[in-house]
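The values are calculated or read from the model by the stated rules, or taken from the named source; none is laboratory data. Since the model is a prediction, treat every value here as computed from it, not as a measurement. So basically every Cβ, Gly included, is an ideal-geometry build from the backbone, and we count neighbours across all protein chains shown.
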Amino acid sequence: MIRSAFRFLRANPLSGQQRMSQSCLAGKVAIVTASTDGIGLAAAQALGKRGAHVVVSSRPQANVDKAVALLQSQSIQVTGTTCNVGNGEDREKLIQMTLDQCGGIDILVSNAAVNPFFGNIMDSTEDVWDKILAVNVKASFLLTKLVVPHMEKRGGGNVIFVSSVAGYQPMKGLGPYSVSKTALLGLTRALAPELAHSNIRVNCVAPGIIKTRFSSALWENEGIVEKFKKHLSIKRIGEPEEIGGVIAFLCSQDASYITGETITVTGGMGSRL
Ligand SMILES: NC(=O)c1ccc[n+]([C@@H]2O[C@H](COP(=O)([O-])OP(=O)(O)OC[C@H]3O[C@@H](n4cnc5c(N)ncnc54)[C@H](OP(=O)(O)O)[C@@H]3O)[C@@H](O)[C@H]2O)c1
């Protein structure tokens, strides 16, 4: 058995590399929410560089236009539209525009999140909880519900949620946000077995501290960075591209036997529930 595998590899030296090729997502259509900056933009770049047609979106048109121009300058096939994921009409518009312009949907990266509150969890209000759960959790589920029938028409697909290391260990001052990120770990596990029947894999990434606008309050403060570094094996803050690459991997054939899983990308920060 092993000998025949070696014989096959000798006869087909490129077969292993082809799975890893830069065009492994050619022909796929990928919606990435909140993708005009930070991790979402890096995910769009990673998917686009591997051949996918990416659909980018966020709230103001000007930010969408800027991201589309950047991706086009990198020879990535891209379509852009505005979409506030907390708004049902916007979600439906995003899906319809993708179908009209790209002809189908293969990948959803649900990346958008808000955090309107910093402080003791006992001081958080119902409004704070409504907003955080609506954008970070409910919209992720409702977008999945919208895309699944279209993925089924294509014979399968991939859904990726963007959680956080805070979903494993709530961060001080970020209680409601952290709880919303824990909910995404549960959503991943709840959806994966149901959607496996439709050849749709559902996975999640949980970034650590990544250098984006969202986390600037953390990495702009040298004192906080030094404190965080004590918990890291890799002694630096992560870059958005280091999350984008993992998302692209999860959407590729190389991850064909992975579903219901969350990959932590934290530079070695401890993370378990
Ligand atoms: N950075 C980190 O250290 C870190 C760590 C763990 C997890 N995460 C997660 O990673 C994801 C992305 O965060 P990031 O750090 O990349 O943030 P970022 O650089 O600040 O980018 C956020 C993006 O989200 C868009 N956006 C915000 N609210 C939106 C909404 N309601 N609907 C649609 N788009 C919206 C923004 O665009 P507009 O302003 O143009 O709408 C922007 O494109 C989030 O889920 C976050 O929780 C980040």
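The residue list I243, I234 contains one member that is among the aliphatic types (A, V, I, L, M), under 30 Å from K49 (Cβ atoms) and not in a loop (DSSP other than H, G, I, E, B), which is I243.
Only one of the listed residues (L184, L218) is under 13 Å from the mean Cα position of the chain (by Cα), aliphatic (A, V, I, L, M), in a helix (DSSP H, G or I) and within 12 Å of the ligand (Cβ to nearest atom). That residue is L184.
From the list V159, V225, pick out the single residue that is at pLDDT 95 or above and in contact with a helix residue (DSSP H, G or I) (Cβ under 9 Å, 6 or more places away or on another chain).
Answer to the check: V159.
Of all residues in the stretch 119-178, those satisfying the criterion of being of a type outside the set (S, T, N, Q), away from the ligand (no atom under 13 Å from the Cβ) and part of a strand (DSSP E or B) are G119, G157, V159. Among Q72, Q96, which is the only one that is closer than 21 Å to I247 by Cα, surrounded by fewer than 15 Cβ atoms within 10 Å (Cβ to Cβ) and over 20 Å from the mean Cα position of the chain (by Cα)? None of the other options fit; the residue is Q72. For the stretch 171-211, filtered to residues that are more than 21 Å from I107 (Cβ to Cβ) and among the polar types (S, T, N, Q), the residue that is surrounded by the most Cβ atoms within 10 Å (Cβ to Cβ) is S180. Within the span defined as the stretch 223-231, every residue fails to be away from the ligand (no atom under 12 Å from the Cβ) and under 30 Å from K28 (Cα atoms).
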